[in-house]
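One structure below.
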Amino acid sequence: MKSINLRRTPKNVIYALILLCFSLYAIFHLGGWDHSTSSLSFLRRSEVMASFKNTDEEQRQFSLQQKLQSNPLVKQQQGQKEDRQQQRDKQKQTNQQMKPDKQRQQDKQHQDQLQNLLEQHRFKLSGVKQELPKETEGKQVDQNSETNGPLEKGDLLGPKFKNFKKILYWNDAYGTEDFWLGLGQKPFIEAGCRVTECFATHDRQLLPAERADAILWHSRSNDKSLPKVRSPHTFYIFWLIESASYPYGDLNTYNGVFNWTMTYRLDSDFPRPYGSIVFSPNVSAKTAAPKNYAHGKTKLAAWFVSNCHTISGREHLVKVLQTHMDVDIYGGCGTLICTRKESKKCKEMLEKDYKFYLAFENSLCVDYITEKFFDTIKYNVVPVVYGLGYKRTQIPKGAYIDVMDFASVQELASYLLYLDSNDTAYNEYFRWKEDGYKALEVINDVYIQAFCDVCERLHEAEDRTVVDVASNDGVHVNKSGQQFQRPMIKEKYRKVYNINEWFATGQCISPNNNEKLKSFVHGKYVSHEDMKSELQKLPLLFKPKKSTDDRPT
């Protein structure tokens, strides 16, 4: 085959051949000719080719999807895959929710524990002092405010105090007109009470008895009178902190008068003990090395006392105890001196030198546990107690030694001497301070809690049945937001006490009227069975303390 000589070929033939080649390329590769121009656009050519390619891919995917959907096995597998994915998504969502739920649960448990620890100290629940409400600023807060002056007659009965509960101190507590609480609303706020809309006063001109929500009455006050007019909405509160063994006269005179009680008894409506111990988790104590509390102590037992002749016969018990072991007696009944003014130094000396302290009560009455015990328990010395009701309290059993647990004074002395010779056994009486709990403090003014509870209960006791006017009071309104007229006492709160039977009957025991106890304090042997049978004459002693669940709600 002869080759073409392009030099001899006419130019128009060459152009024709080139044009023919481009035409054929367009026909076979692009499917047509671009009529908008005399030559092919390379840019349009690439776009068209890409479009054809994408279209072919979509068609293939669509065709494949149709085939898969028409296959039952593939359908089943696809459904299972979707189910597994849904389960994974659901589990993931659940896991995301579990963490906050678990955290909320832990927070709730922590809050419940805190609530249980502090339930008996309600005035501590808020943690911080509440700020004064705007409507009670100035003279409405404290009737004896130095800056605002006293309240005028009628102010307390005005609209600014409409939603307040008013408490009237009818007489005094050993010469103290405010019962060691304070006046006005201020003490309820400073104590951190959960409900603070209460006002306390001793001024009968400022608050007439018939307008008071509660009247506090002390049976040992020189003023033993009662209001001449009693309103149906007023609660009468019997207040007493001395033992039931005291000769109060004929308490039958006051039967049917009082709705509530505030005494040292744990079954009072508002218990007012001489002290209390607050417990809190003590993490550091768990990891600390055991402490030898006996180290450095060179003396055995001490007793601080001023009343030498008591109805409990404690002086006879100590006299017998001294025949078996050393007991140092400070105060008016002994030879050693440690005055009340030096109380703190005396207790520090007690902690440093002595292993035991005799916390012997002057009366053996149910729940009558005084500062003799509570002022000592915070020091590192073991209290030896002579009283009734310790087992009804929340005081850990391993924190004290109870005289009543022994059959004789000699047996008690032998046990104390054993502890003196055995540091390991002695230290067990402090283990409660180290086993995850710690006595934070002895609260000598725990009766403030009782007043917080009075304020709260006064608001709870309303029998709101008569609609009055709308109110903006956000605390003491019903769900509909309506205010009510001054209420009568709810039926379940209308109880009245036979105060003589409740307070003065079957509460105390004394060597003066009990031969078994008399024999015991004078050193004779009395079996546990015999002593228990004598104590069973005080039925309240073997009952658990009254819980808040037993009270009206």
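Each reported figure results from applying straightforward, stated rules to the coordinates on display, with no laboratory input. Being a predicted model, the structure only gives us computed values, none of them experimental. Positions of Cβ are backbone-derived with ideal geometry, glycine not excepted, and every protein chain shown enters the neighbour counts.
Per-structure values
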quantity	calculated
Cut-off 15 Å between beta-carbons: net charge of the residues surrounding residue 528, Lys and Arg +1, Asp and Glu -1	-2
Protection proxy ranking of 223-229, 448-454, 504-510 - average other beta-carbon atoms within 10 Å, highest first	448-454, 504-510, 223-229
Long pairs among 345/532; 299/543; 433/516; 162/543; 291/543; 319/378, criterion Cα-Cα beyond 30 Å	345/532; 299/543; 433/516; 162/543; 291/543
Order by protection proxy (mean Cβ within 10 Å, highest first), peptides 235-241, 416-422, 256-262, 200-206	235-241, 256-262, 200-206, 416-422
Using θ = phi - 60° and Karplus 6.51 cos²θ - 1.76 cosθ + 1.60, couplings along region 355-364 (whole Hz; Gly, Pro as x)	8, 9, 10, 8, 9, 9, 7, 7, 9, 9
